[in-house]
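First the structure, in the form of structure tokens, and then the observations on it.
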Amino acid sequence: MRDPNRVLHDFETTLKQQNEKGIAEYGQSLSRSKLSAVELLDYELDELVDSIQYNRVAKQRTLQAVALLKQDTPDVEGAIKLLEG
């Protein structure tokens with residue numbers, strides 16, 4: 001499959017890392033867990049809420065960085081600090 005944006009590569013790498021992390025932490029893969037369907041859905045909701053928070057904070061920082069760069073005297077250092085942490 002052609003993947004010019006390297007999305008598939010990033011996904012596969014992250015999936016492998018997350019699976020290894022889960023096995024290291026819980027001693028088994030997610031597919032072998034004894035969690036009920038309701039528990040799995042609740043954990044998924046927790047992860048989605050976290051994801052939305054990451055998304056919104058990253059957007060806020062990006063907009064703040066753009067505003068710093070659009071000033072009459074651009075604050076490049078401040079923008080970089082916002083984006084890189």
Could you name the lysines whose alpha carbon sits less than 27 Å from that of Lys34, not counting residues in the same chain fewer than 8 places away? Lys16, Lys21
Could you derive backbone 3J(HN,Hα) for segment 54-64 from the dihedral phi with the Karplus parameters 6.51, -1.76 and 1.60 (θ = phi - 60°), listing whole Hz in sequence and x where the residue is Gly or Pro? 4, 4, 5, 5, 4, 5, 4, 5, 5, 5, 5
Virtual paramagnetic centre 7 Å along Cα→Cβ of Glu44, amide N under 17 Å, in segment 3-34: 30-34
Using a 1.4 angstrom probe, figure out how much accessible area the chain has per residue, in square angstrom, rounded to the nearest whole. 93 Å²
In deg cm²/dmol, rounded to the nearest 500, the helical mean residue ellipticity at 222 nm of the chain, built from -39500 (n - 2.57) for every DSSP H run of length 4 or more, is -25000 deg cm²/dmol
Treating only Lys and Arg (+1) and Asp and Glu (-1) as charged, each at its beta carbon, one finds that segment 25-65 has a dipole about its Cα centre, in Debye to the nearest 20, of 240 debye
In the chain, if every C-alpha pair distance is counted and binned at 10 Å from zero, what percent goes to each bin? 14, 24, 30, 21, 9, 2
With charges only on Cβ, +1 for K and R and -1 for D and E, what is the dipole size of the chain about its Cα centre, in debye, rounded to 20? 180 debye
Taking Cα pairs closer than 8 Å and at least 6 residues apart, the relative contact order of the chain in percent is 14 percent
What lysines does Lys81 reach when the alpha-carbon gap must be under 21 Å and sequence neighbours fewer than 8 apart in one chain are set aside? Lys59, Lys70
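The values are calculated or read from the model by the stated rules, or taken from the named source; none is laboratory data. In this text, all values refer to a predicted model and were calculated from it rather than measured experimentally. When we count neighbours, we look across all protein chains shown, and the Cβ atoms used for this are built from the backbone with ideal geometry, even at glycine. What goes into the accessible areas is simple: the full protein's heavy atoms, side chains included, and nothing from ligands, DNA or RNA. Shrake-Rupley method; radii C 1.70, N 1.55, O 1.52, S 1.80 Å.
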